[in-house]
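Structure first, then comments.
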Amino acid sequence: MNLPVHLKTPTRAPVYALVGNPNCGKSTLFNGLTGLKQKVGNYPGVTVERKIGTAYSQHGQPMTLIDLPGTYSLAARSPDEAVTRDVLLGSRDDTQMPDRIVCIIDASNLERNLYLVNQIFDLGRPVILVVNMMDLATAAGLQIRIDRLEKDLGIPVIAAQASKGVGLIELKLTMSRVDLPLPKHRWDVPAAISASVAELQASLQNNDGKPPLIARAEALLLLTDQNPVRVAGSQPLSDRTSVILDQWEKRWNADGTDWSGSLVAARYDAIGILTANTVLQQETHGMRQSRLDRIDGIVTHEVWGWTVLGAIMSALFLSIFTLAELPMGLIESSVSALADWVKSQMAAGELRDLITDGAIAGVGGVVIFLPQILILFFFIGLLESTGYMARAAFIMDRLMNRVGLNGKSFIPLLSSYACAIPGIMATRTIEDPKDRLVTILVAPFMSCSARLPVYLLMIAALVPSGEVPIFTKVGLMLLMYGLGTCGAFGFAWLFKRTLLRGEPPPMIMELPPYRMPRIKDVFMQMIERGSLFLKRAGTIVLAISIVLWALTAYPNAGESATPAEQVAQSFAGQAGHAIEPIIKPLGFNWEIGIGLISSFAAREVFVSATSVVFNVEEDEENTAPLLQALRSATWPDGRPLFTPLVCLTLMVFYVFAMQCISTVAVVRRETNSWRWPLFQIGYQTGFAWLLCLVIYQSGTALGF
Amino acid sequence: MSDTVPLSKLSVGSSAVLREYPKSGTAFLRLREMGMLPGTRLTLVRTAPMGDPIEIKVRGYNLTLRKSEADHVIVEPESAA
Ligand SMILES: Nc1nc2c(ncn2[C@@H]2O[C@H](COP(=O)(O)OP(=O)(O)O)[C@@H](O)[C@H]2O)c(=O)[nH]1
C-alpha cells in the first residue's frame, strides 16, 4: 500500500475524534480539553448522545473535538458502538468524518485497550495515543515505556492522568501540530482469510463507493462480526458485498475455518509483541489492589452486598427527600412570585391567565421536581464513575434475569422510585435495544414521588387518623409501592415473552476498578443531563400545560361563577362528565374524573384539582378542610363518594396509570417515536382501569 | 494434556488457561474481542451472591459473565503446584 507519510496541512481547523474503551477516562479528558465549550445533543434518528466541543491550541487556534461513545471494538454490538463505527468510517451524513483521531487507553489494562487502537490504525488516519491512568499502572507495578511505544507505533504517545490534568498540555500541543504521522504499526491478516479481505475490499470500493483504506477496514470488521448492529444513519451494505460475504462464510463453515477467531487472535498477537517490548511488570506491593479486592468482596458479599446496596439506596432516597425540600420550596415560591409579577404587569384577561395559570403554573409544576431529578442524576453519575453501578448490576443480575432482563436494568428501575425521568434517561447504559425499551416501558410503574401526595391524601381519607394505628397507614403505603414493583416486573416478563421477544442478553460486563471521581465532573454531568431533560421535555410540557389550562378555563362561565362552578362547566368538567360512564364501574364520579384528567400535568396536581372541584381553599400545609370536603362528598343519590373502597381503588389507579406528560415527553425522545409513549399510555392506563374494575366490583360484591 | 472443565465448574480463586469455546454467538464474539482467546490465562474471582453471574480476571481486568455462557467455555485448570 502506498501511504503518504504525512497528511498535508488541512485548510480548516482539524476535526478530532476522541475514542476509547468505556471507563478509560475519556469524558474526564474531554472535559479537560474543552472546558465548558461543549454542545450536547443527539445523533439524528438514534438516541445516542452526541458531544462536540472546542479545544484551543496553545496559540488560541480552535480545534473541534467529537467525543464518541466508548467501545471495546469497532465491530458494533449496540447503537452507541454503531455510531462510533459509523463516524470513524465517515459513513454518517450528519457528522463530518474526523481528520484525526485521539485514542485514549487505560495504562493499567493495555492489551484489551490496544485492541480498539489496533482496529483504528486500519483507518489510515493520523492517530495520537493517550496512555491514561498512568498513576494506576504505576501503583500496579507496571512500567510503560512511552518512548518505545512511540517508536514502535510511529505516532505521538502521551502519558496522562486525566483526573489530575496531567498530560493535557502535551496533548494540546501535539493536537495543534500541523503534520501528524500515520501509524506504522503492522499486523498480519491471517493467510486463510486474506483473499476474502481483498475481495470484500474491492467490492466495498466498487459497489459501496468507499475509499480504499476505509473499504479495507470495513472488510475486516465485517469478517469480525458478520451481523454488526446498524442504526438510523448507518449505510446498509450493497447487495453485491453481502453476497460475497455470504459466500465466504459458507465456504469457511464447510471447511471449519474460524475466520473471526483467527482475525481477533492475529490482532492480539500483534498487541502481545508490542506490549512485550514496552511494558515491564515489576514486583508489586499489591497493597492497593488487595484493598480494593477486599472492598469488592464486601460489596458483592451474600449478606454485606445487600446491606451495602440497601444503605446506599436509603441514603439516596433520604437525600432526595430532605435535600430537595428547600430548593423545591424556593422554586414554588419563585414560580408563584413570577406569576404574581406577571399579574401585576399585565391587564387582566385571557392572555394573562394563559401565561400565569397555564404556562407558568404548568411548567412550574414540572420544574418543581427538578431538584429531585438533579439529585438523582448526581447520585447516578456518582455510582457510575466510582464503579459501584457495575457491582449493583452484578449482584442484581440473577433476579433481573428471572424476568428476562439483565442487571443493568436495575438502577434505572430503582431511580424511578424517585422519578421516572432520570430512570428512563439512565437506560442508555443498557446496550440491548429491546431490553432498553422494556425497561423504559415498565419504569413508570415504580411509585415516584409525585404520587406520594395522592397516596397520602387517599390514605388519610381512607383511614381517619387516631382510629387506626400508624402501621396500617404505613402498610398501605408499602402495599402501593409493592404493587407497582410487581407490576413492573410482571410486565417486563410479559413483554420479553411476547412483544419484545428475545433471549436474555448476555451479562458480559467489565467491573471497572473503583475510582475516586472528581466531584466537578459528576456535577457537570448532572447539569448536562438536567438541561437535556428541560430542553427535551420543555416544549411538550409547555404545550400540554396550556392545553390543560384551556380545558379548565373554557368555556368561560362568567365573572360571577366560583372556581368550582367554572371548572364544572368547563371542557375539563364536560370531559369529566363524559368519562363518567367509563370510570363509574370503578366507583369514580365526574369530579374524580376531572382530577384524573388534570393529573396528566403531573400526578400531584390531583390534590389541587380536587381542591378546586370541591371548592376548598387550597392549602398545602393543611389538608384537613379538603379531607372534610372529600368525606362529605356524595353521589347525587346521597351515597358517600369516597368510601374506603373507592380511596383504595383510586390509589391503585395512580399506581398503574400513565399520567405524566414529562415522562411521555422523555419516552418520546428516548425512543424516537410517538409509538411507544402512546402504547405506554394505552397499556398502563388500560391495565389500571381493568385492575381497578376488579378491585371495586369484587369489593362491592363482598360488601365493602 | 491435563483435564479440561467448563469455566462454570472452576472453583473460586483458582486459575486456568482457556482452551476453547464456540466459534459463533454474539456473547462469545464479544468475549473474544475483549481478549479471551485460547491460551489466555484467567482467574475465577468470585460468584455473585446468588451463584450467578461469575466474575473472572483476565488480562489484568475484571469481567462478568453468566454461568450459561461459562458452561461453554472450556478451560484447563492450573495445577495448584
Ligand atoms: N486514578 C485515575 N483515575 C482517573 C483518571 N482519569 C479518569 N479517572 C477516573 O476514572 C473514572 C472514569 O472516568 P470517565 O472519564 O467517566 O471515563 P469514560 O467512561 O471513559 O468516560 C472517573 O471516576 C475518573 O475520575 C486517571 O488518569 N487516573
Cα gyration tensor category, rounded, prolate or oblate, for segment A:5-175 with a/c compared to 1.5: rounded
Shielding by partners - mean other protein chain Cβ count within 10 Å, residues of B:50-63: 6
In what sequence, highest mean first, do A:68-74, A:602-608 appear when ranked by Cβ atoms within 10 angstrom? A:68-74, A:602-608
Using alpha carbon coordinates only, what is the Rg to Rh ratio of segment B:5-77, with Rh defined as the Kirkwood radius? 0.91
Segment A:314-445: C-alpha gyration tensor shape, a/c 1.5 cut-off, then a/b vs b/c: prolate
What net charge is computed for the residues neighbouring A:F642, neighbours being all others with C-beta under 14 Å from the C-beta of A:F642, Lys and Arg scored +1, Asp and Glu -1? +1
If the cut-off is 20 Å between C-alpha atoms, which lysines fall inside it for A:K37, apart from same-chain ones fewer than 8 positions away? A:K26, A:K51, A:K164, A:K172, A:K520, A:K535
Over all residues in A:218-229, what is the mean tally of Cβ atoms on other chains that come within 10 Å of each residue's Cβ? 1
Could you state the accessible area per residue of the protein assembly as shown in Å², with a 1.4 Å probe and every protein chain left in place? 42
Taking square-rooted eigenvalues a ≥ b ≥ c of the alpha carbon gyration tensor, is segment A:639-704 rounded, prolate or oblate, where a/c under 1.5 means rounded and, failing that, a/b exceeding b/c means prolate? prolate
A 1.4 Å probe over the protein heavy atoms gives chain B a carbon and sulfur accessible-area percentage of 52
Within a 10 angstrom radius of each residue's Cβ in A:112-118, how many Cβ atoms of other chains show up on average? Whole number is fine. 3
Cross-link reach list, lysines versus B:K67, counting only Cα pairs under 25 Å and skipping chain neighbours closer than eight places: A:K408, A:K434, A:K496, B:K9, B:K23, B:K57
Net charge of Cβ neighbours under 15 Å - reference A:Y115; Lys, Arg +1; Asp, Glu -1: -1
Can you tell me the mean projection area, over all orientations, of the convex hull of chain A's alpha carbons? Units nm², please. 36.9
How much of the accessible area of segment A:191-279, in percent, comes from carbon and sulfur atoms when a 1.4 Å probe is used? 51
Rounding to the nearest 20 debye, state how big the charge dipole of chain A is about its Cα centre with +1 on each Lys and Arg Cβ and -1 on each Asp and Glu Cβ. 1300
In degrees from 0 to 90, rounded to the nearest 10, what is the angle of the helix A:571-583 Cα long axis to the longest principal axis of chain A? 90
Return a whole-number percent for the relative contact order of segment A:102-244, with Cα pairs under 8 Å and 6 or more residues apart as the contact set. 21
I'd like the antiparallel share, as a percent to the nearest 5, of DSSP beta bridges with both residues in the protein assembly as shown. 65
Angle between chain A longest axis and helix A:519-553 axis [Cα atoms, degrees, rounded to 10]: 40
Would you mind computing, in nm to one decimal, how far apart the modelled labels at A:L479 and A:R177 are, each placed 7 Å from Cα along Cα→Cβ? 7.1
Once each part is reduced to its C-alpha centroid, what is the distance from segment A:302-348 to segment A:667-687 in angstrom? 27
Angle, helix A:644-656 long axis vs. longest principal axis of chain A, Cα atoms, 0 to 90°, nearest 10? 20
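The values are calculated or read from the model by the stated rules, or taken from the named source; none is laboratory data. All of these numbers come straight from a predicted model, not from anything done at the bench. A quick note on method: Cβ atoms are made from the backbone with ideal geometry, for glycine too, and the neighbour counts reach across all protein chains shown. Side chains included, ligands, DNA and RNA excluded: accessible areas come from the protein's heavy atoms. Shrake-Rupley method; radii C 1.70, N 1.55, O 1.52, S 1.80 Å.
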